[in-house]
Each structure stands twice: as structure tokens, then as C-alpha cells.
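The values are calculated or read from the model by the stated rules, or taken from the named source; none is laboratory data. Quantities reported herein were computed from a predicted structural model and do not represent experimental measurements. Backbone-built Cβ (ideal geometry, glycine too); neighbour counts: all protein chains shown. The protein model used for the area step is the full one, side chains on, heavy atoms only, and it has no ligands, DNA or RNA in it. Shrake-Rupley method; radii C 1.70, N 1.55, O 1.52, S 1.80 Å.
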Amino acid sequence: MLTVFNIKKGLDIRLLGDAEKTISGLDSRLFGIKPTDFIGCFPKMLVKEGDEVKAGSPLFFDKYREEILFTSPVSGKITTIRRGAKRKLLEVIIESDKKHESLDFGTSNPVNTDREAIIDKLLKSGLWPAIRQRPYSVIANPKDEPKAIFIPAFDSSPLAPDFDLMVHGQGETFQAGLDVLAKLTTGKIFLNVHAEKTKSKVFLNAKKVEINHFRGPHPSGNVSVHISRLSPINKGELVWYVYPQDILAIGRLFLTGKHDTSRLVALTGSETKHPRYFKTFTGASVVNMVKDNVETGDLRYISGNVLTGDKIDNSGFVGFYHTQVTVIPEGNYYELFGWALPGFGKFSVSHTYPAFLNHSKKYRLDTNLHGGERAYVMTGMFEKVFPFDIYPLQLIKAILVEDIDLMENLGIYEIDSEDFALCEVIDTSKTEIQEIVRNGLELMRKEMS
Amino acid sequence: MKALRKFLDKQKPHFKPGGKFEKLESSFDAFETFLFVPNTVTHSGAHIRDAIDMKRTMIFVVLAVVPTLLFGMWNVGYEHYLSFGQHPDVLTNFLYGLGKVLPIIIVSYGVGLGIEFLFAQIRHHEVNEGYLVTGILIPLIVPPDIPLWELAIAVAFAVIFAKEVFGGTGMNVFNPALTARAFLFFAYPGNMSGEKVWIADKLDSFSGATPLGQAMIGNFHNFPSPHDMFFGFIPGSVGETSTFLILIGGLFLLITGIASWRIMLSVFAGGLLMGFIFNLWGANQYMELPAWEHMIMGGFAFGAVFMATDPVTSAQTTKGKYYYGFLIGMLAILIRVFNPAYPEGMMLAILLMNVFAPLIDHIIVKSNIKKRLKRAKVVLAE
């Protein structure tokens, strides 16, 4: 019998600017890999400005785990290595020669390849960083073996891209990628689909996986939610997770021997004129996506979604783990008595604004904080959007006082900062909860290593 | 609006560190953000945020007490003239009450906010909105004739020792408004209890005892009718008499989601249960008082709706809120009926449970931790 996990707690924030299901080619000249996308990675450069690279050529490696290479998504020339304060490496920018020549990593059938050879190939090609682990959401350690691998096959966040479209017609490649993953664990591979929205046969007919059905408001698509329902993480346990488009790249690597991260990136948000999907590679510049395609005004460009994405500028790059770009208005304006007026048309989960009377309205939301930071006063709000058997406020406070034991006891291994995004949105006290949780996870990771 | 904004932008640099009024930075910020929601944008984490903030939250509680405040002012006048056997029109009653209550409100806000601003400046914090609510609750839970200097001392005591020493709004253990009342009750009992204080400037020969006071001395034969008690035509603290309007305020808080329905419901449930137990026991006349009448007497309803639900000093876990509220209800009735020194049990019941709320939460959270450890052990055993 088919079991469906009904996620009841959560919140769907309805925004304007859903991507239309059409795919355009993206003529991107520049590609950028941002070491800051990889939590805990200390990059050591292997190339310098002016070097010629091919797709799959190593750009840098992690100082603490030298076997993990980060490679170029395209062939071309390194134009800029951008550093920030204290010489922190921010971006490695590659100018594409539009030929997409790849290093040859050799074809092999994953079914007959042993685990060591598979891991070696993933590391050398630079596709390994697509595999991340819980707890901490860092790149998986090739020396570990996880108790399970999770694949979220739908996204529930605001203006989420459609994963069905991303894998459309690539069943063979996807299955090859799954065959690779099947070699990495003796445990199960969980492919988690939406009970109604997932229609793609690529997902539903996938083999070597256990398919589970989820439904409900965001964060029902978050990998932590799936893990919590199917195989909760206890202290010392590891779970790995990979997103579908990266599985396609892994499949292609084994089928063709090429480093080919072709993927769809959804352009979304209320300020885009023609929101749609673009076909490109990892790390594409957004400049040609948004050129003549956004409204005028002061805009916020986000790599990722409005809840967890990173702020970029209009010539920034799509993050390594992102498949979506969102453009919304900035909110740097003053509002006379904004807190006291009735506030028709404002978005709020609380019933102090009339918004709760109209559930179907789609919003054009800006980046205004709508208030000042305060101590925690209200209680019982976070629990409504947090579908875990964890006390969110208590965990946040444990992190703030850096109580390692308490953090562990309250379940910090089971969550990621993204799971607190909705708490952050609805927080009356306007605190930076995701940052707090991220810091707590980093503290734990350093304490435990 | 633009001119005002321009004026503020021009003045702002004077209040920044290094400016000539840098000592008033917090005060300037408080006034500026009172007028304008600031132009701050998100810089990390979620890029969009809910429109609600602390000001919005607090102002909704203030709105919820407005009906009972207005009625309370009228009732102060009504009870005063009643003691002289007079029945003037609504406006006369109201204006008399206004004259009594407005100075109390002014002193409450003046002293309380003054201290809040001072502490905010010392700590280089923004001024927190919590006192907007405390400042209006205090006038509602004191007798209309309270000497203003006593009130000022009580407010100062409550804000400093119940709130600021713990770190300000959000960190306090005790409900500041109830702490102010408890201070008055123990420091100046002559002005806070007995039958003389509950009607403003009453005629000496007229008995001004509250229903609770009469119940205490076993004087049940000239008890006010349940109708009068429910709608509030009885002597008492300014805002506590009309259960009807308190419930309307409570309904408003529940619809807007500001107050916890779990706490409100369980306070009434706890009170009713204790009342029923006494009814069954029936050892004296007070115990035989129908359980539901307790709900409309004294400060029970006011405490349940506006005091017990204070999110900072109540239990913070969902389950904990049930226990917290239930115990407040039970204790309040228990103190009323059994303790001859305190006719009203609500204040002490809530303050007592304020102390125990962290313990309740601790127990609830502990059970979550145990569940997690147990799951880990099961995995190890496999």
C-alpha cells in the first residue's frame, strides 16, 4: 500500500513570478564558481588568471580534504580570481570559449564498477561536491559510508522550480546516476516525490530506490523533513543527499566520460518580465537572464529562492547548489505609521493584518524587514511552521548560549538552517535565525571533529 | 509626510555617536520608529519578512483592553454616585471616572516609560515596546483612589526589579504589571484591600465591599446578582469588573492570534474544576458558591485573559501552556476560598506560576530529549 507522508505544519508563501514552463538557451559568456557555496571549505587554488581550462579541469581543492576537487563547468580561460577581505576567495570566474570541451574521464558501467573506482571518478571529475551530508550540510567525506542517501525530487519553497521538467526525457541518464549512488551505500536510497505534483516517469519508474510520497506546505520538500520521517539521524549517524540535476551530471559522467553539468535554471520573481527556464551549466552568470527582462527600480537579485538564497548582483553567478534565480524589489523605504495602519495588501501569517482573510492572493514582496530587532517575546509561533519533533525556540536559545550538550539533546543534528527559514520570516522579533542556526551547526562541527 | 521625514533625516546625525545629543540616541530611535517603520532591508537569511513586528503585536493587546478601560472609567463614576444614591447620566459618570483614571494612566506610562528609556540608553538598545502593554494594564488592576505617589513607586519597583534587572522585555520572570500590583498590595495594604478603597470618594456609610470581600466574611445575603457581576456594575479595580468586555477583548486577542488560547482555556478549566471540587465538598457557604460564579468575580477573568497569557512569563512550550494555565486557575480559587488574608487569589496564583513556568517547560523539553536518546539507543541495540 502506498503511504503518503502528510506534512501539516508549514507555510506556502504565494509570490508573483512563477517560471513559465518554457526553456530558453542561455548565451552565457562568464561562469563563476564560488568557494563560499561550500560550507567549511578552505580553497587552495590550482589555477591562476589567464590559464586555459576544460570542463572538468580542477580549479581549487579543499585544504583539509585534498582529494575533493572543484572543477570548471566549461572550457575556456580563467579571467578573474576575485578575493575579498583577508584575501578570502570569493569567485573563480571562467570565460567560456563556447566549445564545451571536456576532459575525458572514460566511460564505465557503474553496475560493474567497484565503490573505490566510482568515488575516485566522482572526486576527479569535480562532481563529488554535489553529494552532501547531514548533519552540517557539508560536502560528504569520501571515506565515510552513509546509512542512507536521500534525493528530494520536488521543491516546495516559494516559486520553486519544477524538478519534473529538469529531468524530462533523461530517464536513462538519471538511472545511471542512481546506479552510481547505489554503490556508495549499503543502506537505502530514498527518492522522495510529491504525492500529487510529481508526474515524471523518470522519478516514478526509477529503480534501486525506495520511493516515498509527501504532500503539504513548505518545508515538505526539504530533505530534513524527509529524513525525519524516514530515517531520523541519531548522534554519530550520517546521511547523504543529492539533488536530481546533479544525479543527471553523475549519470552523464559515467555514460559519456564527460564532465557535463547541463541543467535548467528557473528565473522567477515578481520583477521579472518573462520568468522561464534557461538551459545552461553550473555557475552561469545571470547577466543575460535578466538583461531587458526585469522591471526598473531598486532590485534584489537572489541566487536560489527568497527563503534561503544568496544575495548577488545583476551580473552575479548562480550558486553551485542553486537551480533558481529570484528577482524581487528592494524594500529600503520608510513607512509612516506602517505598524499601526490596517495594512491591506501586506503579507502576514499573523492575524493582525487582514491578509489571513484572503488565502489565495499572490504577493509582490520586497526585502523590507518591517520592524526592528528585539528580544524573543512571542512563543508558539515557530511551532506552526516547523514540522519536526524539535522545540525550535529552545534550540535557538541553546545555540545562542553555545551549550553544546543541550544543542545535541534538542536535535541539532536533524536540522539545517534552511529548515528555520520560515521561522525567520514570521519572527516578530526580527532576528537572523538562519544565521544563528548556521553558527550553531558550525560550532558543533568544529567541536565534534 | 515627506517634510516630516526630511526633518528627521536632518536631525538624525545629532543623535548618532559623536553628535551633540548622542545620549538620547535610543529615545530618538524610539520616536523615529514610532512614526516610521524603518527602511532596514534583510541582509542575511530569508529575503522577505512578515509585516508583523513588536509594535504591531503590543498595540493589538492595548486595543484589546480599550473596551474594558472605557467601561472601567464609566463604572468608577457610576459606583461613586451610587454611594450617594445618585444616578447621573452616562457622560457624567464617565467624566468623573476619566478624572480619576487618567492621572493613573499618565503616572503609569510616565514613570514606566521614563525608566525604560533610561535603561535603553544605558544599554545602547532600542526601547522595547513591552511597556506599552504593561503601562495600560497597571491602571486597570488598581483601585480608582490609589495615591499616585504610591503607584509611581510601585511602577518603578516593577520595571526595575521585575524587568530591567533580568535584562529587559523578554527576559523577565515575573509579569511586571502584577509585580507592581503585588508591591502595592504588600507595601500599602490599607489602600489596596478592605471595603473602603474600591469606590472612588464614596460616602462613608455606604458599604463598598467587592463580591470577593463579602464572600470572605460570609456575607452572601446581599451579594450582587450574577448579571451585575458579569456585566461589571460592581465595585473593584478599574478594569476588572466587566467579565463581558474582558471576554470581548480576549476574543479579539484569540482571533488575532496574539494570546494563547491554550492558556486562556485552561485557566478557566482549572478554576471551574477547583470550584466544582469545593461545591462537592461543601464544608462552608463559600465552598458552596457555584463554580461558575468564581469566573465572574474579582480579577479572575482579567487575569486569565490579559495576565496569564503574557508570552514572556508563561510557559513557552505548547504542552506546558495547558499545565501552566490549569494550575493558575486551580490555585486562584484555592487561595480565594482557603486563605483568609487574601480575598483575591488570581494575582498570587499567576505570580506563583510565573516562577514555575520555566520548570514546567524544563520537564516538557526533557521528555523530548529522552525520546531522542531512546531512539538512538534502539538503533545502537540493532
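Calculate how many DSSP beta bridges within the protein assembly as shown are antiparallel, expressed in % of all such bridges and rounded to the nearest 5. Intermediate values should be presented prior to the final figure.
Working: 43 of 68 bridges.
Of those bridges, close to 65 percent are antiparallel.
Taking just the alpha carbons, could you work out the radius of gyration and Dmax for segment A:128-182, both in angstroms?
13.3, 37
Other chains near A:345-352: what is the mean number of their Cβ atoms within 10 Å of each residue's Cβ? Don't jump to the answer; show the numbers that get you there.
On the way: counts 1, 3, 5, 6, 4, 10, 7, 13.
Taking all residues of A:345-352 together, the mean is 6.
Tell me, rounded to the nearest percent, the portion of alpha carbon pairs in segment A:265-351 spaced more than 17 Å apart.
51
Take the alpha carbon atoms of segment B:244-290, find their center, do the same for segment B:54-83, and report the distance between the two centers in whole angstrom.
21
Compute the whole-percent fraction of alpha carbon pairs in the protein assembly as shown spaced more than 34 Å apart.
Working: 199892 of 344865 pairs.
In whole percent, the share of Cα-Cα pairs in the protein assembly as shown beyond 34 Å is 58.
How many partner chain Cβ atoms sit within 10 Å of a residue's Cβ in peptide B:311-323, on average, as a whole number?
Partner-chain Cβ atoms within 10 Å, mean over residues of B:311-323: 3.
Semi-axes, largest first, in whole Å: what does sqrt of 5 times each Cα gyration tensor eigenvalue give for segment A:300-449?
Whole-Å semi-axes of the equivalent ellipsoid: 28, 22, 14.
Considering Cα pairs under 8 angstrom that are at least six residues apart, work out the relative contact order of segment A:369-448 and quote it in whole percent. Intermediate values should be presented prior to the final figure.
Details: 81 pairs, mean separation 29.8, N = 80.
Once divided by the residue count of segment A:369-448, the mean separation gives 37 percent.
Compute the relative contact order of segment B:124-177 as a whole-number percentage, counting only Cα pairs closer than 8 Å that sit 6 or more residues apart in sequence.
37
In peptide B:28-40, what is the residue-averaged number of other protein chain Cβ atoms found within 10 Å of each Cβ?
Taking the mean over all residues of the peptide, I get 5.
Please state, rounded to one decimal and in Å, the Kirkwood hydrodynamic radius that segment B:238-378 gives when every pair of distinct Cα atoms enters the mean of 1/r.
15.7
So what's the back-of-envelope 222 nm ellipticity for chain A, counting only DSSP H runs of four-plus at -39500 (n - 2.57) apiece and dividing by all residues, rounded to 500?
The helix-only estimate for chain A comes to -6000 deg cm²/dmol at 222 nm.
Hey, what D do you get for segment A:211-281 in µm²/s if you plug the Kirkwood alpha-carbon radius into Stokes-Einstein at 25 °C and 0.890 mPa s?
Rounded, D is 159 µm²/s.
When a/c is below 1.5 the answer is rounded, else prolate if a/b is larger than b/c, else oblate, so apply that to segment A:117-265 with a ≥ b ≥ c taken from the square roots of the Cα gyration tensor eigenvalues.
Oblate.
With a 10 Å radius around each residue's Cβ, average the other Cβ atoms per peptide and rank B:342-355, B:197-210, B:308-321, highest first. Walk me through the numbers on the way to the answer.
Working: B:342-355: 22.7, B:197-210: 18.1, B:308-321: 24.2.
Highest to lowest by the protection proxy: B:308-321, B:342-355, B:197-210.
In debye to the nearest 20, how big a dipole does segment B:54-367 give about its Cα centre with +1 on each Lys and Arg Cβ and -1 on each Asp and Glu Cβ?
On the way: 13 positive and 18 negative charges, 166 e Å.
So the magnitude is around 800 debye.
Students often check this: by mean Cβ neighbours within 10 Å, which of B:139-146, B:228-235 ranks highest, and how do the rest follow?
Working: B:139-146: 24.5, B:228-235: 21.1.
Highest mean packing first, the order is B:139-146, B:228-235.
Provide the convex hull volume over Cα atoms per residue for segment B:166-270, in Å³.
157
For segment B:54-367, rounded, prolate or oblate, judged on the Cα gyration tensor with a ≥ b ≥ c (square roots of eigenvalues), a/c < 1.5 rounded, else prolate if a/b > b/c?
Oblate is the answer for segment B:54-367, as a/c is 1.5 or above yet b/c matches or exceeds a/b.
Between segment B:99-143 and segment A:357-413, how far is it from one alpha carbon centroid to the other, in angstrom?
One Cα centre to the other: 29 Å.
Measuring from centroid to centroid over Cα atoms, what is the spacing of segment A:265-308 and segment A:63-107 in Å?
First find each Cα centre; the distance between them is then 23 Å.
Starting from the residue with the highest accessible area, list B:K196, A:K207 in decreasing order, probe 1.4 Å.
B:K196, A:K207
Expressed as a rounded percentage, what relative contact order does chain A have, with Cα pairs under 8 Å and six or more residues apart?
Values: 992 pairs, mean separation 83.1, N = 449.
Across chain A, relative contact order equals 19 percent.
Counting Lys and Arg as +1 and Asp and Glu as -1, each charge on the Cβ, what is the dipole of chain A about the Cα centre in debye, to the nearest 20?
With only Lys, Arg, Asp and Glu charged at Cβ, the dipole is about 600 debye.
If only Cα atoms are counted, what is the Rg of chain A, and what is its Dmax, in Å?
Cα only, chain A: 21.5, 68 Å (Rg, Dmax).
May I ask for the Rg/Rh ratio of segment A:369-448, computed from Cα atoms with Rh as the Kirkwood radius, given to two decimals? Walk me through the numbers before you get to the answer.
Numbers: Rg = 12.0 Å, Rh = 12.7 Å.
Over the Cα atoms of segment A:369-448, Rg/Rh equals 0.94.
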